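No value in this document is a laboratory result; all are computed from the given coordinates. Quick caveat: nothing in here was measured; it's all calculated off a predicted structure. Methodologically, a virtual Cβ is constructed for each residue, glycine included, from the backbone with ideal geometry; neighbour enumeration extends over all protein chains shown.
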Amino acid sequence: MTTCSPNPPAVDDRDLERSITQLLGPRISDAMTGDEPYYIQHGSFERETMAPPPAQPPAYDLAFVLRADERVMWPLEAKVLETPGTLAEYEREVREQYLTCRYAPFTSSGAMLAYLLTGTPIDTLTRIATKLNVALEQVTEFPTRPHRRSSHQRIVPAGKTYSVEFQCHHLILEYPTLRRRKNSVKSRKH
């Protein structure tokens, strides 16, 4: 886990996924030089795969947007994992969004961010490989980071020339001090 500043930003425990992601975007931007051929954006809309109006376009949690052609986005989808085994939503995002080309139609890769509350990144990556029934490769550019890559075949819609080959990056970010706020229901006496 990256060392935090002495005054880390407040994360809203009522909505951990959106709160962490919203805070992460500017920090990624701050780490960039400004000379990259892309910029980071929170809540980017994917208009290429939007259903007919009045449907809303899919929205990415974060995306690196290519400056030369802003239709081209490299998405990062985030999921809070309370434990390494809570992967149903994570798996659904990979299978129903990335592997159907609804997400990342113009790129041959994308990423999943796991905000892990308890457990270890290694156990989480092992369980992701099992849940998706794929091998996870070490990303050699980042040997000490809990970051792996899986290879898949996508289902490309008829008439589209999107890449069939797809690589999904899996990054684990640990948040051991955070917990989801549980909704409390107050009973009313009448």
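Observations
- Between 0 and 90 degrees, the angle of helix 16-31 with respect to the longest Cα principal axis of the chain falls at about 60 degrees.
- Using the Cβ of Tyr115 as centre and a radius below 9 Å, the other residues enclosed give a net charge of -1, where K and R count +1 and D and E count -1.
- When the chain is treated as a GNM with alpha-carbon contacts under 10 Å, the residue of Arg148, Arg71, Arg27 showing the greatest mean-square fluctuation is Arg27.
- Among Thr86, Ser108, Pro75 - extreme Cα towards positive end, dipole of the stretch 72-136, charges at beta-carbon: Ser108
- Positive-end residue, the stretch 16-174 charge dipole about Cα centroid, Cβ charges, pick of Val139, Thr49, Ile20: Thr49
- Relative contact order, whole percent, for the chain stands at 19, derived from Cα pairs under 8 Å and 6 or more residues apart.
- The alpha carbon centroids of the stretch 49-87 and the stretch 120-181 are separated by 15 Å.
- Working note: 222 nm ellipticity from helices only, DSSP H runs with n ≥ 4, each -39,500 (n - 2.57), summed and divided by the residues of the chain, gives -5500 deg cm²/dmol to the nearest 500.
- With neighbour counts taken as other beta-carbon atoms within 10 Å, the residues Cys168, Cys101 rank, fewest first, as Cys101, Cys168.
- Share antiparallel - DSSP beta bridges, the stretch 16-174, percent rounded to 5: 60
- Environment charge at Arg71 (Cβ cut-off 11 Å; Lys +1, Arg +1, Asp -1, Glu -1): -3
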